[in-house]
Amino acid sequence: MTDGRPRLPGRRRQLAFAALALAALFVACGGDFPQSSLRPQSDVAREIDSLFRGIFWWAMGVLVVVEGALLFTVFRYRERPGAARPKAVHGNTVLEIGWTIAPAVILIFIGVPTMLTLWRIDGPPPSSDVRVEVVGHQWWWEFRYPDLGITTANELHLPVGKTADVRLRSGDVLHSFWFPRVSGKRDLVPGRENSLWFTPDSVGVYPGQCAEFCGTSHALMGMRLFVDSPEDFEAWAARQASPQEAEGDPAPAEDPMVTAGREIFFGAGGCISCHAIRGTVAAGVIGPDLTHVGSRSTIAAGLLENTPENLAKWIMDPQEVKPGNLMLDMGLNDEQAGQVAAYLLSLE
Amino acid sequence: MERTSTGVANEKVLMWTFIGSECMLFGSLIATFLAYRDRSLVGPFEEELLNIPFITVTTFVLLMSSLMMVLALSAVQRGDRRGSGLFLLLTAVLGLIFLGGQVFEFSHFAHEGLGLGRNLFSGTFYLTTGFHGAHVAIGVIWLLTLWTLALRGRLGPEKSVKVEVAGLYWHFVDVVWIVLFTVIYLMSGAAAV
Amino acid sequence: MGTYSGGLWSWITTVDHKRIGILYFVSSLFFFLVGGIEAMLIRLQLATPENTLLTAQAYNQLFTMHGITMLLFVVMPMSAAFFNFVVPLQIGARDVAFPRLNAFSYWLFIFGALFLNASFFFGGAPDVGWFAYANLTSSQYSPGHGVDFYILGLALAGAGSIVAALNFIVTIINLRAPGMTFMRLPLFTWMTFVVSFLIILAFPPFTISTVFLLFDRMFGTLFFEPSGGGDPRLWQHLFWIFGHPEVYILILPAFGIVSDVIPTFSKKPLFGYPVVVYSGVLIAFLGFGVWAHHMFSVGLGRIANSAFSGLTMLIAIPTGVKIFNWIATMWGGALRFKSAMLFSIGLVAMFVIGGVSGVMHSSAPADLQQTDTYFVVAHFHYVLFGGSILGLFAGVYYWFPKVTGRFLNEPLGAVHFWLMFIGMNLTFFPMHYAGLHGQPRRTFTSPAGLGFEWFNVVSTIGAVITFVAVFVFLVNFIRSLRTAPTAEANPWEASTLEWSIASPPPVHNFDRTPEVRSRDPLWHDGIVLPAAEEVFHMPNPSYWPLVTAAGLLVLMTGALVGLPLVLIGGAVAVVGIYGWSFEPIH
């Protein structure tokens, strides 16, 4: 849609097109943007994206026409020596009515699709294939699948082609749930439940982030969306739903690091006062549920890759990694932290 | 009075404009009160507490004070020194009686367990009526100041605009109370008798 | 300069609208530097991903204070500087309606601004954003005093704004010279009038919401406390009922300035004067009905969202009309590109960009992707920097000769303009892309690998250039103050009344009150001076406004320190009010 394209003479016309092309280039391609709202991968995100592109071209048209008129006026009517004083024109009713109506007409072309899109995406979900409850915390995400008996953190798995029915709550302050590739934002408001739905249509991993300022480490409240094939999702869900210890008691050849880490985790480390691991005595509710934490790709709300070194670093000095968060420095030394990390990573 | 473009004294235009601003102030309080109506999680609740007959009496007192205000202005404009002082004093005293009623009401509520932070009703009620009470209190001080001027014979007809402006304020504060009386008390679901 | 003679005491006790205007201007310039340094620190931190120049805590304080400072301590007081200096001159008055109240407004503003900034030295500035959304501001989640400074400082400054606005409304209604009808008012005076109404109507809801917050924090009420049934969204509604009109409070003065500057330097009267006036009024009116477009992601439901979407789009119409009328004013004119005109044209060009991106997020579904991203940051900086700041600088270059009797250097002015124009575009244009590609606002760091790197590098370079531009202005400003006063009464051949008297104007402005016969009186022999000498009295200087404001400052400080100080402050304020009331005016 380039309906607003300017009709300008010669050089200026070329200039205008060059500017337009440049703008389009920037928006359309130019680099890898894994969190871009312009790379939609769901029905809802595509609807928003096509609405936005329509509005964008109308806006570009207006922009080019108005800036063109301004530039033309500025160059054409500069003061020339010896010229007579310009005629005092006080107005022109027809012209003024014209440029009142013109924007109104353009607004109809923007407003009607807006309302139609809004009506489709901002209502109840068309179906509710996967139900997810999201609880925002300073500064991490809790994801629960009430139908699957899964509680996990910071990494959301969804099957491709199925509509996710997402319910949003907050455990403390305002947050906003935002995976730009699959949906617009929806705030998590303390004391009430919000909802959101979308149907991801491409397998992949998409980053997301809290989009409402929520305190000191708001910037570090990331998350990941894994859109899995149906089989992968089934497999993931089956494993996540199983309690940790049901996978069998420690294998005979268990790494002594893991054994030592488990002891600290359930004992001197004090970890279980905040964290839960399903199938064990650990049932804390303040921090993220660590059941199958070893299967996650990142820790600390998308901040760090889930490696032994990073886990140990996090356990040693959580305040350094994420200022202001609720996790305490439990006074573990290097070795102990490494052992706890080894234990956690064993929880696949 | 200085020459003005409209012929209306600056002080009066100021007060009218100020009243416009005050409407938004009380409007915000009333809107909040309405938004939080019946959303208290714990008691005591408004219908258990509000004593409509009592407040009807103090409302009547406040309305009468507006009448006294009208009489005071008229006395000042006539140059009636005795009347000016008398009616200004009466206006202030009736305002004080209203405030006394509010103090009684607040302490009664507090006695019934409605602390400031008890529930949503307590916060909205105390702040909304408290803001109004503060306005009445300021009005009373203003009126008493005018009264002392009147006693000393410094409030002749040429100064009547001072009284007129105070009157505008006073009437506005009364009108706000009529709205609050309706919104908080009459619409509360409390038993009328 | 007889107008400004006298020592420090004469400035402290002044009630002269011209001097108060200068006080506002110098103060706002100071805070412009403060807010600019905050912006520079922010941009330096964001120049590279995962930068560690600033801590999270420091960054959050800086972006909060940058917003508050630029909006409330720069754009508003600089607008007020022009309201003060120019409006009485434009309507043919000798002062504002209530000169001492005017001084009081200034003292409240400066005390509020200093008080709030003092928080940096007393345990940390507010770090919750200028919007200070509940319930992050509760004593549980913000236990420090930052939020208290926010509440109390803005209470002082906000009261100052309301009082000043009341004063200007009365002044414009009542102090117009004979023949200066409303439809002959210069556009700047008109916009001052409109903005004053916006201030008196928009600030009270904000005052109330901060009072609620204060009571929540200090006395345990539950207004924004979810566990007690309170709703954090209440704050959002009350805040934006203030916050959106506030946007027009920030931009309409600039619109007024360019509506006066463009005709002057085009040698043509404003095209479609009544329509420009009415569209300003309409923008202000609609501004009260669109607050929830800041809340599309809150989940108010599709009915509310579509209503607020539609109403917001309507604002584009009167805004567009203004733009077209400015262009039409220049059309067929004889344009002189003095610095004031450059900044005015810059405003038109930049505001259009901010306007079209505004239309983009008036569409609620589109906004669900854009809100709280750098796209919005880009949008409102085009509006507030490209609009308000450029417009205010147009006013600085335009009225500087009238205020001081001297000229700002024109070549340096052009350098200032072009550096600022290039700098702001480099800073803010890439933010459109960063935002659409998913960079959220208010983050002290961003992870590498999301593709934002180059956008942020360019933005930071642009910020440096903008900062240099401000420096050029300061050099120009200080140099020009030292030049010889050569400005005549009407150096720009402008048409409005302020140019009919000497530069700088005498203390009493007009020897004889002019009678106005046309909309552009200086172009059409539209002034008739009365034959008879006039007898008039200028108001005496007074220190009571300062005493009263200082009492309120002590009272606010007491709210943090302890009850005795509250009582002392209150007592001082009461003494101040009584001293003021019984002091003879003339």
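What residue, among those in the range B:38-56 that are of a type in the set (D, E, K, R) and touching a helix residue (DSSP H, G or I) at 6+ places or on another chain (Cβ under 7 Å), is nearest to residue B:174 (Cα to Cα)?
In the first step, residues of the range B:38-56 are kept if they are of a type in the set (D, E, K, R); the result is B:38-39, B:46-48.
Filter again for touching a helix residue (DSSP H, G or I) at 6+ places or on another chain (Cβ under 7 Å), leaving B:39, B:46.
Numbers: B:39: 28, B:46: 23 Å.
Step by step, filter the range B:38-56, then rank; the result is B:46.
Kindly indicate the residue of the range A:130-149 that is among the acidic types (Asp, Glu) and assigned to a strand (DSSP E or B) and also farthest from the other protein chains (Cβ to nearest Cβ) among those meeting that condition.
Step one: of the range A:130-149, the residues among the acidic types (Asp, Glu) are A:133, A:142, A:147.
Then keep just the ones that are assigned to a strand (DSSP E or B); that gives A:133, A:142.
Numbers: A:133: 15, A:142: 17 Å.
If we take residues in the range A:130-149 being among the acidic types (Asp, Glu) and assigned to a strand (DSSP E or B), then A:142 is farthest from the other protein chains (Cβ to nearest Cβ).
Would a scan of the range C:401-414 turn up a residue that is open to solvent by 10 Å² or more (accessible area, probe 1.4 Å) and without any contact (Cβ under 8 Å) to a residue 12 or more places away in the chain?
Yes, there is a match, as at least one residue in the range C:401-414 is open to solvent by 10 Å² or more (accessible area, probe 1.4 Å) and without any contact (Cβ under 8 Å) to a residue 12 or more places away in the chain.
Rundown of residues vs (1) of a type outside the set (A, V, I, L, M, F, W, C); (2) modelled with pLDDT of 95 or more, yes/no style:
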| site | (1), (2) |
| --- | --- |
| C:1 | no, no |
| C:18 | yes, yes |
| C:22 | no, yes |
| C:27 | yes, yes |
| C:31 | no, yes |
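Quick one: what pairs do we get from the range C:213-240, first residue closer than 17 Å to residue A:193 by Cβ and facing chain A (nearest Cβ under 9 Å), second of a type in the set (D, E, K, R) and open to solvent by less than 30 Å² (accessible area, probe 1.4 Å), C-beta under 8 Å, 6+ apart or different chains?
Short answer, once both residue conditions are applied: C:230/C:216.
So how many residues does the range B:1-17 have that are open to solvent by 60 Å² or more (accessible area, probe 1.4 Å), in a helix (DSSP H, G or I) and either of a type in the set (Phe, Trp, Tyr) or free of Cβ contacts under 8 Å to residues at least 40 places away in the same chain (or both)?
Step one: filter the range B:1-17 for residues open to solvent by 60 Å² or more (accessible area, probe 1.4 Å), giving B:1-3, B:6, B:11, B:16.
Next, from what is left, pick out any that are in a helix (DSSP H, G or I): B:11, B:16.
Adding the requirement that they be either of a type in the set (Phe, Trp, Tyr) or free of Cβ contacts under 8 Å to residues at least 40 places away in the same chain (or both) leaves B:16.
Qualifying residue count for the region: 1.
Being away from chain A (no Cβ under 11 Å), in contact with a Leu (Cβ under 7 Å, 6 or more places away or on another chain) and either open to solvent by 10 Å² or more (accessible area, probe 1.4 Å) or of a type in the set (S, T, N, Q) (or both) is the filter here; which residues of the range C:340-398 pass it?
C:384, C:388
Of all residues in the range B:149-163, which are within 16 Å of residue B:83 (Cβ to Cβ), open to solvent by 30 Å² or more (accessible area, probe 1.4 Å), out of contact with any Gly (no Cβ under 9 Å at 6 or more places or on another chain) and not basic (Lys, Arg)?
B:153, the sole residue that qualifies.
Can you pull out the residues in the range A:167-185 that are farther than 17 Å from residue A:139 by Cβ and either of a type in the set (Phe, Trp, Tyr) or buried (at least 24 other Cβ atoms within 10 Å of the Cβ) (or both)? Break it down stepwise before answering.
Step one: list which residues in the range A:167-185 are farther than 17 Å from residue A:139 by Cβ, which gives A:167, A:180-184.
Of everything in the range A:167-185, those that are farther than 17 Å from residue A:139 by Cβ and either of a type in the set (Phe, Trp, Tyr) or buried (at least 24 other Cβ atoms within 10 Å of the Cβ) (or both) turn out to be A:180, A:181, A:182, A:183, A:184.
Restricting to the range B:95-121, count the residues that are open to solvent by less than 40 Å² (accessible area, probe 1.4 Å), within 11 Å of another protein chain (Cβ to nearest Cβ) and either among the small types (Gly, Ala, Ser) or more than 21 Å from residue C:207 (Cβ to Cβ) (or both).
4
Anything in the range A:298-326 that is open to solvent by 20 Å² or more (accessible area, probe 1.4 Å) and under 17 Å from residue A:152 (Cα atoms)? List them, or say none.
Scanning the range A:298-326 gives A:302, A:303, A:304, A:305, A:306.
Which number in (1) aliphatic (A, V, I, L, M); (2) more than 18 Å from the chain's Cα centre (by Cα); (3) buried (at least 20 other Cβ atoms within 10 Å of the Cβ) marks the one condition that residue B:35 misses?
All conditions pass for residue B:35, except number (3).
Just to be sure, is residue C:513 open to solvent by 50 Å² or more (accessible area, probe 1.4 Å) and in contact (Cβ under 8 Å) with a residue 40 or more places away in the chain? Walk me through how you get there before you give the answer.
Values: open to solvent by 50 Å² or more (accessible area, probe 1.4 Å): no; in contact (Cβ under 8 Å) with a residue 40 or more places away in the chain: yes.
For residue C:513, the condition - open to solvent by 50 Å² or more (accessible area, probe 1.4 Å) and in contact (Cβ under 8 Å) with a residue 40 or more places away in the chain - is not met.
Please verify whether the range C:82-93 includes one or more residues that are of a type in the set (A, V, I, L, M, F, W, C), within 14 Å of the chain's Cα centre (by Cα), closer than 29 Å to residue C:496 by Cα and assigned to a helix (DSSP H, G or I).
Residues of the range C:82-93 of a type in the set (A, V, I, L, M, F, W, C): C:82-83, C:85-87, C:89, C:91, C:93.
Then drop every residue that is not within 14 Å of the chain's Cα centre (by Cα), which leaves C:82-83.
Imposing the further condition that a residue be closer than 29 Å to residue C:496 by Cα reduces the set to C:82-83.
Subsequent filtering for residues that are assigned to a helix (DSSP H, G or I) retains C:82-83.
Scanning the range C:82-93 turns up at least one residue that is of a type in the set (A, V, I, L, M, F, W, C), within 14 Å of the chain's Cα centre (by Cα), closer than 29 Å to residue C:496 by Cα and assigned to a helix (DSSP H, G or I).
In this structure, is residue C:301 within 24 Å of the chain's Cα centre (by Cα) and small (Gly, Ala, Ser)? So that I can check it myself, show each step before the final result.
Values: within 24 Å of the chain's Cα centre (by Cα): no; small (Gly, Ala, Ser): yes.
The answer is no for residue C:301.
Being of a type in the set (Phe, Trp, Tyr) and within 22 Å of the chain's Cα centre (by Cα) is the requirement here; does residue C:255 meet it? Reasoning before the result, please.
On the way: of a type in the set (Phe, Trp, Tyr): yes; within 22 Å of the chain's Cα centre (by Cα): yes.
So residue C:255 fits the description; yes.
Limited to the range A:38-55, what total is found for residues that are in a helix (DSSP H, G or I), more than 7 Å from chain C (Cβ to nearest Cβ) and not charged (D, E, K, R)?
Matching residues across the range A:38-55 total 4.
Under the condition of being without any contact (Cβ under 8 Å) to a residue 40 or more places away in the chain and not in a strand (DSSP E or B), which residue from the range A:175-209 is nearest to the chain's Cα centre (by Cα)?
Filtering the range A:175-209 for residues that are without any contact (Cβ under 8 Å) to a residue 40 or more places away in the chain and not in a strand (DSSP E or B), the one nearest to the chain's Cα centre (by Cα) comes out as A:178.
Quick one: would you say residue B:124 is surrounded by 16 or more Cβ atoms within 10 Å (Cβ to Cβ), free of Cβ contacts under 8 Å to residues at least 12 places away in the same chain and assigned to a helix (DSSP H, G or I)?
On the way: surrounded by 16 or more Cβ atoms within 10 Å (Cβ to Cβ): yes; free of Cβ contacts under 8 Å to residues at least 12 places away in the same chain: no; assigned to a helix (DSSP H, G or I): yes.
It is false that residue B:124 is surrounded by 16 or more Cβ atoms within 10 Å (Cβ to Cβ), free of Cβ contacts under 8 Å to residues at least 12 places away in the same chain and assigned to a helix (DSSP H, G or I).
Does residue C:306 count as in a helix (DSSP H, G or I) and either at the interface with chain A (Cβ under 7 Å from one of its Cβ atoms) or more than 25 Å from the chain's Cα centre (by Cα) (or both)?
Working: in a helix (DSSP H, G or I): yes; either at the interface with chain A (Cβ under 7 Å from one of its Cβ atoms) or more than 25 Å from the chain's Cα centre (by Cα) (or both): yes.
So residue C:306 passes the test.
Yes or no: the range C:427-448 includes at least one residue that is more than 14 Å from chain A (Cβ to nearest Cβ), touching a Gly at 6+ places or on another chain (Cβ under 8 Å) and in a helix (DSSP H, G or I).
yes
Name the single residue, out of those in the range C:173-210 being over 18 Å from residue C:246 (Cβ atoms), facing another protein chain (nearest Cβ under 9 Å) and part of a helix (DSSP H, G or I), that is least open to solvent (accessible area, probe 1.4 Å).
Restricting to residues being over 18 Å from residue C:246 (Cβ atoms), facing another protein chain (nearest Cβ under 9 Å) and part of a helix (DSSP H, G or I), the top hit is C:174.
Which numbered condition in (1) in a loop (DSSP other than H, G, I, E, B); (2) within 30 Å of residue C:267 (Cα to Cα) is the only one that residue A:123 fails?
(2)
Can you tell me which residue among C:245, C:204 is in the same structural domain as residue C:319 (by TED's automatic domain parsing) and over 17 Å from the mean Cα position of the chain (by Cα)? Quick ask: steps written out before the conclusion?
On the way: C:245 fails: over 17 Å from the mean Cα position of the chain (by Cα).
Of the residues listed, the single one that is in the same structural domain as residue C:319 (by TED's automatic domain parsing) and over 17 Å from the mean Cα position of the chain (by Cα) is C:204.
Is the range C:305-318 home to any residue that is in contact with an Asp or Glu (Cβ under 7 Å, 6 or more places away or on another chain), assigned by TED's automatic domain parsing to the domain that holds residue C:269 and open to solvent by 10 Å² or more (accessible area, probe 1.4 Å)? Break it down stepwise before answering.
In the first step, residues of the range C:305-318 are kept if they are in contact with an Asp or Glu (Cβ under 7 Å, 6 or more places away or on another chain); the result is C:305.
In the following step, the residues that additionally are assigned by TED's automatic domain parsing to the domain that holds residue C:269 were identified as C:305.
Keeping just the survivors that are open to solvent by 10 Å² or more (accessible area, probe 1.4 Å) gives none.
For the range C:305-318, residues in contact with an Asp or Glu (Cβ under 7 Å, 6 or more places away or on another chain), assigned by TED's automatic domain parsing to the domain that holds residue C:269 and open to solvent by 10 Å² or more (accessible area, probe 1.4 Å): absent.
Taking the range A:187-209 as the search range and keeping residues that are open to solvent by 10 Å² or more (accessible area, probe 1.4 Å) and among the charged types (D, E, K, R), which one is farthest from the other protein chains (Cβ to nearest Cβ)?
A:201
What number of residues within the range C:123-137 satisfy the criterion of being over 25 Å from the mean Cα position of the chain (by Cα), surrounded by fewer than 24 Cβ atoms within 10 Å (Cβ to Cβ) and at pLDDT 95 or above?
Looking only at that region, the number is 0.
The values are calculated or read from the model by the stated rules, or taken from the named source; none is laboratory data. Just so you know, these numbers come straight off a predicted model, no measurement behind them. A quick note on method: Cβ atoms are made from the backbone with ideal geometry, for glycine too, and the neighbour counts reach across all protein chains shown. Areas reflect the complete protein model, heavy atoms only, side chains present, ligands, DNA and RNA absent. Shrake-Rupley method; radii C 1.70, N 1.55, O 1.52, S 1.80 Å.
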